[in-house]
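Heads up, the thing below is written out as C-alpha cells.
Every number here is computed from the coordinates shown, using simple stated rules; none is lab data. Predicted model, so just to flag it, every value in this text is computed and none were measured. All Cβ positions, even for glycine, are placed from backbone atoms using ideal geometry, and neighbour counts span all protein chains on display.
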Amino acid sequence: MNVRFSSPRASSSSVDGRPDGVEASRALKTLAVLRIVTGGIFLWAFLDKTFGLGYATSSENAWLRGGSPARGYLASVSAGPLESTFHSWAGEMIIDWLYMGGMAGIGLSLVLGIGLRVTALAGPLMMLMLWLGEFPIARHASDGSPTMSPNPLIDAHVVYAGVMIVAALYSAGRVWGLGAWWERTPLVASYPWLR
C-alpha cells in the first residue's frame, strides 16, 4: 500500500509536481498584471511625448507642437558603436514616427493583450536599439567621463524585452485582456502569427 502524506505547502501542487489549477491561475493573473504595468510604461511615454504632460516632456516640446520625441535621447547618446549614427538620426521625422509608433504599439499590445507575438518580435528589437543607445557595457563615455553604468549587460530594456517574450509565450492576453477575443477574429484566424 502506497500512502502519501501532504503538507499544506505540497497541497498547492499536484502529485507529479506540476502546479494545480489554483496555482496556475494565480501565475497567469500575476503575469497579466506584469503585462499591463509594462504596457502602461510605454503608453505613458507615448502620451507624455505626444502631449507634453510636463514629466519627461514639457508642453512646448510636445510632439503635437512640433517637438522631436526621439531627439533628446538620440542626441544624448555618449557611448557605443552607434553613437554617431544615433546623433545623425536625432530630429529626423521618420525616426520620430518609428519611435512613437513603437511606443504606442508596444503599450497598446501589452495593455490590451492583443498582438503579443508581434510585440514579442518587434518590441525586443526596439529595446535592443535603445539598449545600444545606452550601451551599458561601456565604462567610459566618448568624452572619457565614467558612464556610471550599474550593470554591463542587464538594464530596463532587457527586462522589458523579457516581459514581452514571456507574455507572448504564455498567451498572457487571455487574462484581463482581449487576447481570447483577438484570437477569434477573422484576421487572426487567417494570419495566426498576429496572435
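The slack in the chain from residue 184 to residue 143, taken as 0.36 nm per residue of separation less the alpha-carbon distance, amounts to 9.3 nm. The ranking of 132, 178, 74, 110 from fewest to most other beta carbons within 10 Å of each one's beta carbon is 178, 132, 74, 110.
What is the helix-to-structure angle for 156-169, meaning the angle in degrees between its Cα long axis and the longest Cα principal axis of the chain, kept from 0 to 90 and rounded to the nearest 10? With both axes taken from Cα atoms, the answer is about 40 degrees. With a Förster radius of 22 Å applied to the C-beta separation of residue 170 and residue 129, the computed FRET efficiency comes to 0.30. Multiplying the residue separation of residue 28 and residue 44 by 0.36 nm and subtracting their alpha-carbon distance yields 3.4 nm. Neighbour counts of C-beta atoms inside 10 Å place 49, 29 in the sequence 29, 49, starting with the fewest.
In terms of overall dimensions, the C-alpha atoms belonging to the chain reach 75, 44, 32 Å along their principal axes, ordered largest to smallest.
Available extension along the chain between residue 76 and residue 53 is 6.2 nm, counting 0.36 nm per residue and deducting the alpha carbon span. Residues 93, 103, arranged from fewest to most other Cβ atoms within 10 angstrom of their Cβ, appear as 93, 103.
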